[in-house]
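Beneath this line is the structure, given in structure tokens, with notes to follow.
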């Protein structure tokens, strides 16, 4: 992508409005009557031509959640929307690439956006894609399809899964120089800090895309920041997570900096998590809410939380998929270690934010273990599957723990039957291998391929001789 000037986004809603780079609504280039009758795909083609967009990106993710894309000229857009664009499917296999295989990327028109420079010049358009095999059948290794399938399962029961993640990340000088831009901490309000300015530009770009950013702020560690977005349907949110990661990094690069969502880039400092707020709606009603329930949680919500707690060890491999993820999940840095729930307890794995009168739709539960470099399509799928298993089986919810689990004596934690999350990637792999719930949520293809990728990563990691070993053992042994 061109990076001579700052980037801005414009999103197309096709109900007659678009959002410009400053967030002010304008009438779209397509006439009102035309929009009412013109198929969405034709509207996209016309708008791309009218706006003189030079190129179009078709985005998707590999199995590990890395953003991939096929770039096409606008002349190929009608064909791409009608038939999809072919590409080498081995590119989405992660570390476990084998033979080449043909796949089709079919754009989702609802995800269409235009990327602009600050002078208003179109840089590109982009859409997220669903992946298909040449015979027209859905590709079973498509992470976006995995989430679609899980959402369809509950949609058939009249439910909608809503999520709202908190995205934490760091700004550094470069990929090889993890030096930040400040030495401040939680909720620092500096207006002239370089990191604050980069975060502000990112939030403005998200707003121009029509995404509702609830708030953003400086996090606990130096040069660490957080962006929180308003909850919405899980599929749209997974696309948005990918867009946020892209935008944060792209804008940082333009500003001569480097942004990373790596869970634990600095020893001795807090890592970056992606706390995920979750709720389930039936129509317009939040079925997690009960005015008379404990913490205002309905029986449905209590069973859901019980499902998360019971199955979290076997789904942790998806929520925390990298070797580095487990450097964050240690005591002393606000990341969860112990499997418990509560309301005021920030050391708990699941937290129930306090209910505000009149805000029934905001009743939710917060899972605090995921990190921001998981594959969001798979992560949202498995946490939904775990929670709904608790609902279907009527799991009883344990008593909440409101004391600091990190300061609790080990014998007391044992007396309360408090388990821990896996301590490293290998332990998480072992937990995942025998999980029927995980296999069902991901599907056979993704389950097997994901585990294959993680075994490769662990084998590569355990064969390394680290700087710690050289400093510790070379002078001694």
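Here, each number is a calculation from the coordinates, and none is a lab measurement. From a predicted model like this one, the values you see are computed outputs, not experimental measurements. Cβ sites come from the backbone with ideal geometry, for glycine too, and all protein chains shown count toward neighbours.
Using only alpha carbon pairs under 8 Å that are at least six residues apart, calculate the relative contact order of the range 172-300 and give it in whole percent.
Details: 148 pairs, mean separation 25.6, N = 129.
20 percent.
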Least to most buried among 264, 249, by other C-beta atoms within 10 Å and fewest first, runs 249, 264
Helix 444-462: inclination vs the chain longest Cα principal axis, degrees, rounded to 10, gives 60
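Let me check against my output: what whole-number percent is the relative contact order of the range 318-386, with C-alpha pairs under 8 Å and at least 6 apart? Could you put the intermediate results ahead of the total?
Values: 89 pairs, mean separation 21.4, N = 69.
31 percent.
What relative contact order, as a whole-number percentage, does the chain give when Cα pairs under 8 Å and 6 or more residues apart are counted?
Working: 936 pairs, mean separation 70.1, N = 477.
Relative contact order comes out at 15 percent.
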In degrees rounded to 10, the 0-90 angle between helix 376-393 Cα long axis and the longest Cα principal axis of the chain is 60
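Please give the calculated 222 nm ellipticity per residue for the chain, where each DSSP H segment of at least 4 residues contributes -39500 (n - 2.57) and the sum is spread over every residue; nearest 500 deg cm²/dmol? Walk me through the numbers before you get to the answer.
Values: 14 runs with 164 residues, N = 477.
That comes out to -10500 deg cm²/dmol.
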Gyration tensor (Cα only) of the range 149-288 to equivalent ellipsoid, semi-axes in Å sorted down, yields 31, 15, 14
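Answer rounded, prolate or oblate for the range 259-317, using the Cα gyration tensor with square roots of eigenvalues a ≥ b ≥ c: rounded when a/c is under 1.5, else prolate when a/b is larger than b/c, else oblate.
Numbers: a/c = 2.74, a/b = 2.20, b/c = 1.25.
Since a/c reaches 1.5 and a/b is larger than b/c, the shape of the range 259-317 is classed as prolate.
With 10 angstrom as the radius, rank 471, 46, 454 by how many other C-beta atoms surround their C-beta, starting from the fewest. If you can, show how the numbers build up before the last one.
Numbers: 471 10, 46 16, 454 25.
Fewest to most other Cβ atoms nearby, the residues stand as 471, 46, 454.
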If one compares the long axis through the Cα atoms of helix 234-254 with the longest principal axis of the Cα atoms of the chain, the angle in degrees, nearest 10, works out at 80
Once the mean of 1/r over all distinct C-alpha pairs in the chain is inverted, the Kirkwood radius in Å reads 23.6
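Can you put 465, 365 in order, fewest other beta carbons within 10 Å first? List each step's numbers first, then the result.
Working: 465 9, 365 22.
Fewest-to-most ranking of 465, 365: 465, 365.
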The distance between the Cα centres of the range 401-433 and the range 243-270, in whole Å, is 30
